Amino acid sequence: MNRRKIRVLVAKPGLDGHDRGARVVARALRDAGMEVIYSGLHQTPEQVVETALQEDVEVVGLSILSGAHMTLVPKIKRLLVENSMNDVLLVVGGIIPEEDAAALIAGGFAGQVFTPGDSLEKICNYISSNFE
Amino acid sequence: MQQLVEELLKGNRRAAARLITLVENDDRRKFELLQAIYPHTGHAYVVGITGAPGAGKSSLVDRLLQVIRAEGLSIGVIAVDPTSPFSDGAILGDRIRMQDHALDREIFIRSMATRGSLGGLSRATKEAIQVLDAFGKDLVLVETVGVGQSEVDIVKTADTTIVVLTPAGGDSVQTLKAGIMEIADLFVVNKADLPGVDRTVTEINMMLDMKNDVPWRPAVIPTVSIRGEGIEKIWSSIKEHRHHLETSGRLAEARLRRVKRELTEQVEYLVKSRFWEEVKEKFFLGEIFEKIARREKDPYSSACELLDSTNFFERKS
């Protein structure tokens, strides 16, 4: 009963309107026993971070298919840090070129980046393994 | 921890969020925390919103927030969604409708999963309300999970309870049934642009008019939440109901009943947890279970034996 439940915010920042991927991932995380807050489409970085704060989540998962990841991810990371949420794990999924993914991870903006072809199991395991 | 409470009282949103997590996770400091914030509670008025899945509760909350904020009140929202009985996970999706308010500093929204509770609220909803109350919210809106007929815990928690229905919800006998139809201080018939709304409104009114001499006669308000129609009427009806409760003394009565229930529950909780702690130290319970299963013992005398083995209660005979 005292086990800390992993709470994850799944958010879609920016302007792309395709949330099938986000929903599939949300569902998989639910089935892996996590509490998933889904905040819907078209969120600004400020909305994402304020939601993460109020919901006191351990993980923020961003789904970005618009190509704006190099702007959105660092901005959201910066806002998280500004709100003393350095400890929140930021995970990104979407259509993200390899070199961008590497840059986001190397820059300390994202803990991990998942792209098409990565299994749901891999995503769930990555997140759970961060809280063991 | 003391610092966390101080930060909460100063209005720190992150402290509020953290404290809700701590009470929700049954942190060992939970009661200490609740003790510390209790003197600062009692200010917030609690409005519950309940109804079937997809009736439009979240959208109504979204619209209500808009109307209520125009009067300058500070608002907390607790939105409950169900926990999976299989994986223990949950999808908390009520916020989707409310994200326009995400950046309003006077609105604090928290999603909670039921975590095994079956009455329409989560196990820690009451405690989360106390945190938001101490946080300085004037009003706390509690949205239940989508309910059926009998999940009526909200009525024990809210000062005003709103039941949200939609047109075409069955014949008029449904309105006579016990449970959810009895708990409303205010009925909302949402999606009133769909056919059948007049009949639904009439049937609820007829049910309500079967009984005279009631201290409060709930209003029945048709709304179309996506167009914002009828929302102001809901808010004025909430205010009327509050006025009625306050002037008739019923609010004080209800809150006294709530205190009594909370104290009883807390005593029972402590007795139970201390009892099991002591019993588990003294006995190997698995052995007793097996004996009962093999019919060598029975559960009734075994329970008495366990109870007698503790120093909990003076034996009467």
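The values are calculated or read from the model by the stated rules, or taken from the named source; none is laboratory data. Computed from a predicted structure; not experimentally measured. Note that we place each Cβ from the backbone using ideal geometry, even for glycine, and neighbour counts take in every protein chain shown.
Assorted remarks:
- Looking at B:Gly54, B:Gly93, just one residue is on the phi > 0 side of the Ramachandran plot, in the same structural domain as B:Ile231 (by TED's automatic domain parsing) and within 20 Å of the chain's Cα centre (by Cα), and that residue is B:Gly54.
- In the set (1) without any contact (Cβ under 8 Å) to a residue 12 or more places away in the chain; (2) more than 14 Å from chain B (Cβ to nearest Cβ); (3) not in a helix (DSSP H, G or I), the condition left unmet by A:Phe109 is number (1).
- Some residue of segment B:284-306 being within 27 Å of the chain's Cα centre (by Cα) and of a type in the set (A, V, I, L, M): no
- Matching residues in segment B:169-193 - criterion: being in contact with a helix residue (DSSP H, G or I) (Cβ under 7 Å, 6 or more places away or on another chain) and either surrounded by fewer than 24 Cβ atoms within 10 Å (Cβ to Cβ) or basic (Lys, Arg) (or both): B:Gly169, B:Ser172, B:Thr175, B:Leu176, B:Met181, B:Ile183, B:Leu186
- Considering residues of segment B:108-148 that are surrounded by fewer than 21 Cβ atoms within 10 Å (Cβ to Cβ) and either without any contact (Cβ under 8 Å) to a residue 40 or more places away in the chain or assigned to a strand (DSSP E or B) (or both) only, the residue nearest to the other protein chains (Cβ to nearest Cβ): B:Gly116
- When B:Gln66 is tested against the conditions (1) closer than 22 Å to A:Val49 by Cα; (2) within 10 Å of chain A (Cβ to nearest Cβ); (3) out of contact with any Leu (no Cβ under 9 Å at 6 or more places or on another chain); (4) touching a residue at least 40 places away in the same chain (Cβ under 8 Å), the lone failure is (2).
Quick grid of which residues meet (1) under 12 Å from the mean Cα position of the chain (by Cα); (2) at the interface with another protein chain (Cβ under 7 Å from one of its Cβ atoms); (3) crowded, with 20+ Cβ neighbours inside 10 Å:
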| site | (1), (2), (3) |
| --- | --- |
| A:Leu9 | yes, no, yes |
| A:Ala22 | yes, no, yes |
| A:Val25 | yes, no, yes |
| A:Ser39 | yes, yes, yes |
| A:His42 | no, no, no |
| A:Glu50 | no, yes, yes |
| A:Gln54 | no, yes, yes |
| A:Val59 | yes, no, yes |
